[in-house]
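Throughout, read-outs are computed from the coordinates displayed, never taken from laboratory work. For clarity, every value in this text was computed on a predicted model and none was experimentally measured. Here Cβ is always computed from backbone atoms with ideal geometry, including for glycine, and neighbour counts include all displayed protein chains.
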Amino acid sequence: MDWARWARVVGVIGGTVMVHEIAHAIAARRAGGDVREVGVGFGPALLRRKIRGVDVTLRPLPFGGFAALDLDRLPPARRIPVLLAGPLANIAAGLLLRYVARVSAPASAEHAALPGHAALSGRSGSIQVGGLLAALAMLTRAADAGLPSLIAAAAAVNLSVGLSNLLPVMPLDGGHLAAARLEAAGARPSVVSAFRQISAALFLWFALRVLLSDLARLRGGELGGPIRGSAPARDGGPPGAGGRGRQAPG
């Protein structure tokens, strides 16, 4: 096993999660909410540090993260900037990384399906939506191809996580945001509860479809091919398996 390659892949995933969750934590602090912990990964804590009164933990499964926030005491209008902070931070990081990648290697571009990302094929015109498996395949190929490709892949992952988390379905940030807006508009608790349940069911259905699609493409060898130079994939496609972690990459 190429540990250096996997360290780079895990570094991209962990960095994406850290950007997302730290942005939530900072916004929650400023809004007057309680921040108990920011965690990268899932499982038992391997490393724990207290930074400005907040526990920051590193856990063994790096494919996600969470910010333990107590926002219930905040009125809905004050929750909105907290919920927006994570996705917007990932989008900003993705745009910055994309600029760095283009400056460092203008001819290199990533052409792969991403979580929460529509990859448009210049040859077939098809749209493919990938989940975690597609993202891992793309990142491992980028890690082998060199630093410019890895930076471009990190940009795509951050943009994908940020954009997909804005979709109004639970448990994504966009779902919590939509629920907060319903509460702010005076919706009855039963309406808010129904929205949460229905949107969560839709998310699970779509996430399962994406996972099955990834598995089929993996069996067919579509996720293991070499990186091809092409025009950059466009952003803003439908979500894969992103989220708040509450999220996998929220």
Where does each of I80, I13 land when they are ranked from fewest to most other beta-carbon atoms within 10 angstrom? I80, I13
Going by a ≥ b ≥ c, the root eigenvalues of the Cα gyration tensor, does the range 141-211 fall in the rounded group (a/c under 1.5), the prolate group (a/b larger than b/c) or the oblate group? oblate
Could you bin all the Cα-Cα distances of the range 1-86 into 10 Å bins starting at 0 and give me the percent of pairs in each, rounded to whole numbers? 18, 45, 27, 8, 2
Please list 15-25, 62-72, 166-176, 209-219 highest first by mean number of surrounding beta-carbon atoms within 10 Å per residue. 15-25, 166-176, 62-72, 209-219
Over the range 3-219, what is the relative contact order in percent, taking alpha-carbon pairs closer than 8 angstrom and at least six residues apart? 19
Please compute the Kirkwood hydrodynamic radius of the range 3-219 from all pairs of different C-alpha atoms, in Å with one decimal. 18.4
Looking at the range 3-219 only, what percent of DSSP beta bridges run antiparallel? Nearest 5 please. 75
When ranked by the protection proxy of mean other Cβ atoms within 10 Å per residue, highest first, what sequence do the peptides 185-191, 130-136, 95-101 form? 130-136, 95-101, 185-191
